[in-house]
Amino acid sequence: MLICIMNDTAAIVLATANARYSHCAFGLKRLWAALGDQRRHARVVEFTLRQEAREIADTLLAMKPRVLGFGVYIWNVELLTRVIRIIRDAAPDIFLVLGGPEMVDPADAASLEADYVIIGEGEHSFASLAARLLADAPPAKKIIEAAPPNLDTLPEPYDAYTDEDIRHRVIYVESARGCPYRCAFCLSARDEQVRYFPLEPFLASMNRLLQRGARRFKFTDRTFNIKEERVLAVLDFFLRQPYPDMQLHFEIMPDRVSAGMFEKMAMFSPNALHLEVGIQSVSAQTQRNINRNQDVEAAMETIRRLRNHTGATLHADLIVGLPGDTKDVIGRGFDMLVAAQAQEIQVGLLKRLKGTAIAGELGRNIRFDARPPYEVLETPTLTSHDIRQFKRFSRYFDLYYNKRNFSETLPLLWESADRPFTAFSALADYVWEREQKTHHLPLVRLAEHLYRHLVAQSVRSPAVLARAIEGDFRRLKGRRDKLPFLSQ
């Protein structure tokens, strides 16, 4: 799917490939807004990973840009590398400019055959560079390290959202940049301080988006709940809106939710808030290893309280492969999150993100895949077999639990072992032995594996298990589906 904004002039084209259609290229909209008068010569073009490199290149070449800027991310670097090489061969006179989180190493930039690379927050730097390139005054310096812009004067990008975006896609918004924490695995650890956009203009922009029909807002703020006064002002603004279908996504540190924040969050209707609560590791030593300062017990108490006394959907994260974490530590964190009843639990693999401490000395004893997304392969405390098991565990858990496919039957699974981690590990191994794949598994097949595994564990009678499975299918399908394995 191709998304374009503004006019037909294409002296400047900003392009990227999103992971899926429902995402928006918020960074490109930021760059477009900062172009000022040059916006009338510019277009934003968004593709997805489903599209072929030749198709993307042909679309961009047809626009005949003089300046072509690419947003390069961990998920699209391989695809865009192919696109860039096609364009370089076909039109060597186009100025190719690269930016984004993957562009932190000048050596990587050189390998992609770009004319210019912008490292850092590129709004002002790209606008200045584009002006010089269009004036036939290209700078000699190929690597541009951008200074952080003044957020008080940075033009807002929200009018760049198209009606198509508003109807069908998640709307990304940004009230702050930076993070006060220095977690070794995170790109935000490079930020020296937290900076805030002026609140009143930001809320005015949110109001215009709401008036245009926007209902799904995803805040890109790395830690939303830093300044209580701002948090309460933002929550109050959205609480005043008369739209029952509104949804807000925030990333928070769960051990830093004040009584005032909790009170406001409890006022939202069910499922209006989606809160991403990073746990990452429950080991105090691991947290010290990665320079993370979090009170795990307080975080778990907050999750339980939010789960029991608000309508928020809670998405909790654990990271597999952090320095010092063992299989048992990760399993203990999983058990704690299941007990706290977080609706979504992501057990994700550590990634070697460029520019982070993990990508340097701290990760020297950790083996990573050299190809994107640079996932961990082995650590001193986790074998390669352990890592592969966790990857399968994560995928199956997403299908069974996070997608809410078997909410009636899974409580019976927890009875099959002394702890949830042991119980689901056994199910994951059972499914893998029979399928040897983690994708393209029909719901009926997942149900059959769950049922047969539970029967083999003698957790409850087959009749009780069958009723639970049938109940899940009635809830999901709205009818009584035939489940032939129940009569075998």
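The values are calculated or read from the model by the stated rules, or taken from the named source; none is laboratory data. Keep in mind that this is a model prediction, so the values were computed, not measured. Cβ: placed from backbone, ideal geometry, glycine included. Neighbour counts: every protein chain shown. Quick note on the areas: whole protein, heavy atoms, side chains included, nothing else; ligands and nucleic acids left out. Shrake-Rupley method; radii C 1.70, N 1.55, O 1.52, S 1.80 Å.
So if the hydrodynamic radius of the stretch 326-406 is defined as the Kirkwood radius over C-alpha pairs, what does Stokes-Einstein give as its diffusion coefficient at 4 °C and 1.567 mPa s, in µm² per second? It comes out at roughly 93 µm²/s. Taking the stretch 421-445 and a reference point 7 angstrom along Cα→Cβ of K403, the backbone N atoms nearer than 19 Å belong to 424-425, 427-445. For the pair N289 and D136, the difference between a 0.36 nm per residue extended length and the Cα-Cα distance amounts to 50.1 nm. With the gyration tensor restricted to C-alpha atoms of the stretch 278-347, the semi-axes of the equivalent ellipsoid amount to 21, 12, 9 Å, longest first. Assuming R0 = 35 Å, what is the FRET efficiency of S269 and R20, from their Cβ-Cβ distance, to the nearest 0.05? Efficiency, rounded to the nearest 0.05: 0.85.
DSSP assigns beta bridges within the chain; of those with both partners inside it, close to 20 percent run antiparallel.
In debye to the nearest 20, how big a dipole does the stretch 110-170 give about its Cα centre with +1 on each Lys and Arg Cβ and -1 on each Asp and Glu Cβ?
Computed charge dipole of the stretch 110-170: roughly 260 debye.
Applying 0.36 nm per residue to the separation of S487 and D418 and subtracting their alpha-carbon distance, the gain on full extension is 21.9 nm. For the chain, the mean residue ellipticity at 222 nm estimated from helices alone is -11500 deg cm²/dmol, where every DSSP H run of n ≥ 4 contributes -39500 (n - 2.57) and the total is divided by all residues, rounded to the nearest 500. Reported to the nearest whole Å, the Cα centre-to-centre distance from the stretch 337-362 to the stretch 118-156 is 32. Between E113 and F237, the contour length at 0.36 nm per residue exceeds the Cα-Cα span by 40.0 nm. For the chain, the fraction of 1.4 Å probe accessible surface lying on carbon and sulfur atoms is 49 percent. Calculated accessible area for the chain comes out at 44 Å² per residue, all protein chains present (probe 1.4 Å; ligands, DNA, RNA ignored). Look at the dipole of the chain built from charges on Cβ: of P420, C183, M265, the Cα furthest out on the positive end belongs to P420. For the chain, a crude dipole built from +1 on the beta carbon of Lys and Arg and -1 on the beta carbon of Asp and Glu, taken about the Cα centre, is about 1080 debye to the nearest 20. Here the ratio of the Cα radius of gyration of the stretch 39-123 to 2.2 N^0.38 Å is 1.02. Taking the Cα centre of the stretch 329-410 as origin and assigning +1 to Lys and Arg Cβ atoms and -1 to Asp and Glu Cβ atoms, the resulting dipole is close to 280 debye. Expressed in Å, the radius of gyration and Dmax of the Cα atoms of the stretch 125-241 are 17.2, 52.
Pairwise alpha-carbon distances in the stretch 377-488 exceed 19 Å for 45% of all pairs. Placing dummy labels 7 Å off each Cα toward the beta-carbon, the span from I86 to Q193 is 4.5 nm. Charged neighbours of V338, selected by a Cβ distance under 12 Å, balance to +2 (K, R count +1; D, E count -1).
Based on every Cα atom in the chain, Rg and the maximum pairwise Cα distance Dmax equal 24.2, 78 Å.
All Cα-Cα separations within the stretch 229-281 were binned at 5 Å from zero, giving a P(r) of 4, 17, 32, 26, 13, 6, 2, 0, each value a whole percent of the pairs.
Amide H to amide H, with H built 1.01 Å from N, F197 comes under 5 Å of A176, R177, counting only residues 5 or more places away or on other chains.
Taking θ as phi - 60° and the Karplus parameters 6.51, -1.76 and 1.60, the scalar couplings of the stretch 193-200 work out to 7, 8, 10, 10, 6, x, 5, 4 Hz in sequence order, x denoting glycine and proline. Could you list log10 I(q)/I(0) for the stretch 406-470 at q = 0.12, 0.21, 0.22, 0.27 Å⁻¹, which the Debye formula gives when each Cα is one point scatterer? Once normalised to I(0) and log-transformed, intensities are -0.27, -0.83, -0.91, -1.29. Seen against the Cα atoms of the chain and their longest principal axis, helix 296-309 is set at about 80 degrees.
Translational diffusion coefficient of the stretch 273-412 (Stokes-Einstein, Kirkwood radius from Cα pairs, 10 °C, 1.306 mPa s): 101 µm²/s.
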